[in-house]
Structures are given as structure tokens and as C-alpha cells.
Amino acid sequence: MLRTKIHIALSAIGAFLGISAFICFCLVYANVEAGMWALLSGIHASLALMLHCHFLKESLHVNFSRKALQYIGDFGMIGFVSGTALTIFYIFLESYYKADIMPIRTSIIIRIVWSFMMMKWGLMLYWTTKKYLRTYNDHQLFSENPNIEET
């Protein structure tokens with residue numbers, strides 16, 4: 001229970017920072033790439049937050065089927081793989097051009113940070129869905145449903 005509350009707090013912080021960084025980098029500094037990776041990071045963190053909250057309220061099994069959780073996990077894995085590829089690509093660019101962090105509009109270092117955060121939250125979302133998929137009881141699927149009439 002306490003562990004879930006800690007995950008909720010961390011996911012809420014990640015979602016808030018991702019969405020606020022998107023607004024900051026896209027509107028103020030015009031670094032659209034870093035803003036997009038921050039937004040995707042915030043979306044992954046928001047999905048993890050939603051799953052943790054449903055699990056804490058014990059409504060995860062009611063609102064999400066196994067297939068829906070698997071799709072959310074696949075989205076997390078896509079975020080992890082693309083974030084890893086982007087992080088490696090931006091590290092290569094940074095080592096090749098040796099650019100400074102200023103000006104922020106063209107900063108590769110900020111893109112590295114937010115692509116890494118997208119990689120991290122994608123992995124956390126995938127891990128969260130796999131953890132909650134293990135809580136599903138396969139025997140519940142085949143138990144008698146009182147709403148179904150026998151023929």
C-alpha cells in the first residue's frame with residue numbers, strides 16, 4: 001500500500017514535470033524536439049499514474065481488461081525503445097558537435113535529457129503493466145457468472 005502511494009507520488013511528479021517542460025520548451029524556448037520528448041514522457045508518466053491510482057482504489061480489474069493492459073504495456077515498450085534510440089542518437093550528435101547547452105533553442109543536451117526521461121517512463125510504464133497483469137487471476141475468467149443463464 002505504501003509502495004503504491006510512493007509510485008503515485010513519483011508518477012504525479014513525472015507527469016507534471018513532463019507536461020510543464022513541454023509548455024516551457026515549445027512556447028518559451030522554441031526547442032520543439034525537446035518539448036515533444038517531454039510531452040511523451042509526461043504521457044507515459046500519466047498512464048503509469050492512472051494505473052497506480054486504479055490499483056490503489058482496487059478498480060483496476062473492473063476498468064481494464066488484460067488486453068487493454070497489454071496495449072498500454074506495448075505503448076510503454078515503444079516509448080522505451082524509441083527513447084533509447086533517441087538518447088543514443090543525441091549522445092552521438094553531442095559528442096560529434098560538442099555543442100554547449102546555450103542557446104536553449106538548439107541545445108542537444110536538453111534533448112538528451114528528455115529523450116532519456118521518455119526512455120525511463122516508457123520502461124516504468126511497461127514494468128507497471130507487467131506487474132499489474134500478474135495480479136489478474138485466470139481462474140476468475142472461467143468462474144461462474146451469476147448474470148449468465150444456463151441453457
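Any read-out appearing in this document is the output of simple, stated calculations on the displayed coordinates, not a laboratory observation. Since this is a predicted model, take the numbers as computed values, not measurements. Every residue, glycine among them, receives a Cβ derived from its backbone with ideal geometry; neighbour counts consider all protein chains shown.
Please pull out the direction-averaged projected area of segment 1-42, using the convex hull of its alpha-carbon atoms, in nm² to one decimal place.
Over every viewing direction, the Cα hull of segment 1-42 projects on average to 2.5 nm².
A crude spin-label estimate for the pair SER95 and GLU58, with each label 7 Å from Cα along the Cβ direction, gives 5.2 nm.
A cut-off under 15 angstrom between Cβ atoms defines the neighbours of THR87, and their net charge, with Lys, Arg +1 and Asp, Glu -1, is 0.
Shown here for segment 42-75: trypsin sites (Lys or Arg not before Pro) in loop regions (DSSP other than H, G, I, E, B) with at most 11 other Cβ atoms within 10 Å, namely LYS57. Computed over every Cα-Cα pair of the chain and binned at 10 Å starting from 0, the pair-distance distribution P(r) comes out as 12, 33, 27, 16, 8, 3, 1, 0 percent. Pair-distance distribution of segment 37-99: all C-alpha pairs, bin width 10 Å, starting at 0; shares per bin in whole percent are 19, 37, 24, 12, 7, 0. For TRP127, the shell of other residues with beta-carbons less than 15 Å away shows a net charge of +4, using +1 for Lys and Arg and -1 for Asp and Glu. Here the calculated FRET efficiency for ILE88 and ILE23, from their Cβ-Cβ distance with R0 = 30 Å, stands at 0.65, rounded to the nearest 0.05. Taking packing as the residue-averaged number of other Cβ atoms within 10 angstrom, the listed peptides 80-93, 104-117 run from highest to lowest as 104-117, 80-93. Globularity index of segment 97-141 is 2.02 (Cα radius of gyration / 2.2 N^0.38 Å, N = number of residues).
For the ranges 49-55, 97-103, what's the packing order if you count other beta-carbon atoms within 10 Å of each residue, average per peptide, and put the highest first?
By packing density, highest mean first, the sequence is 49-55, 97-103.
Partners of LYS130 within straight-line reach, counting lysines whose Cα lies under 29 Å from its Cα and excluding those fewer than 8 residues away in the same chain: LYS5, LYS57, LYS67, LYS120.
Considering only TYR96, VAL62, ALA38, and ranking their Cα positions along the charge dipole of segment 1-96 that arises from unit charges at the beta-carbon of Lys, Arg, Asp and Glu, the one farthest toward the positive end is VAL62.
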